[in-house]
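Chemist: Before I ask anything, here is the structure I am working with.
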Amino acid sequence: MKTETMYSPYQSCIEYCQRCAAVCEQCLAACLKEEDPAMMIGCIRMDIECISVCRTAAKLMSLESNHANAMCQLCADVCNACADECEKHDMDHCRKCAAMCRDCAAECMSMAAA
């Protein structure tokens, strides 16, 4: 039985949001394992926010919600804030998270402008 793949006009942005949430989860887990997790509290908080917003944005885009573009704008803002926080730290997981958040923010901005 052949399964058809659904295509959404938001497909690329959905994928960026899903990847960003996954990378933020990895950063969050790594921050909690740092020698002094208390110094990572800002990063941990932003990772949690970014995960939540990226998942919500992906869900609304999948539903082709009338609020998807507004959510993409919020997602871009939160992704940029998460990247700003991660860039304050020199850990590899933070650098990877910051880069993914910047990419996701750019994709969400282009979707929000559409």
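Every number here is computed from the coordinates shown, using simple stated rules; none is lab data. Small disclaimer: the values here were computed from a predicted structure and weren't measured. Counting neighbours? That spans all protein chains shown, and the Cβs are built from the backbone with ideal geometry, glycine included.
Chemist: Count, please, the residues in the range 38-63 that happen to be surrounded by fewer than 16 Cβ atoms within 10 Å (Cβ to Cβ) and among the hydrophobic types (A, V, I, L, M, F, W, C).
Modeler: 5
Chemist: Out of all the residues in the range 74-95, which are crowded, with 16+ Cβ neighbours inside 10 Å and touching a residue at least 24 places away in the same chain (Cβ under 8 Å)?
Modeler: Cys75, Ala76, Val78, Cys79, Asn80, Ala81, Cys82, Glu85, Cys86, His89, His93, Cys94
Chemist: When residues of the range 4-44 are filtered for being in contact (Cβ under 8 Å) with a residue 12 or more places away in the chain and either touching a strand residue (DSSP E or B) at 6+ places or on another chain (Cβ under 7 Å) or not β-branched (Val, Ile, Thr) (or both), how many remain?
Modeler: Residues in the range 4-44 being in contact (Cβ under 8 Å) with a residue 12 or more places away in the chain and either touching a strand residue (DSSP E or B) at 6+ places or on another chain (Cβ under 7 Å) or not β-branched (Val, Ile, Thr) (or both): 23 in total.
Chemist: Can you tell me which residue within the range 67-114, out of those that are in a helix (DSSP H, G or I) and of a type in the set (Lys, Arg), is farthest from Ile14 (Cα to Cα)?
Modeler: It comes out as Arg95.
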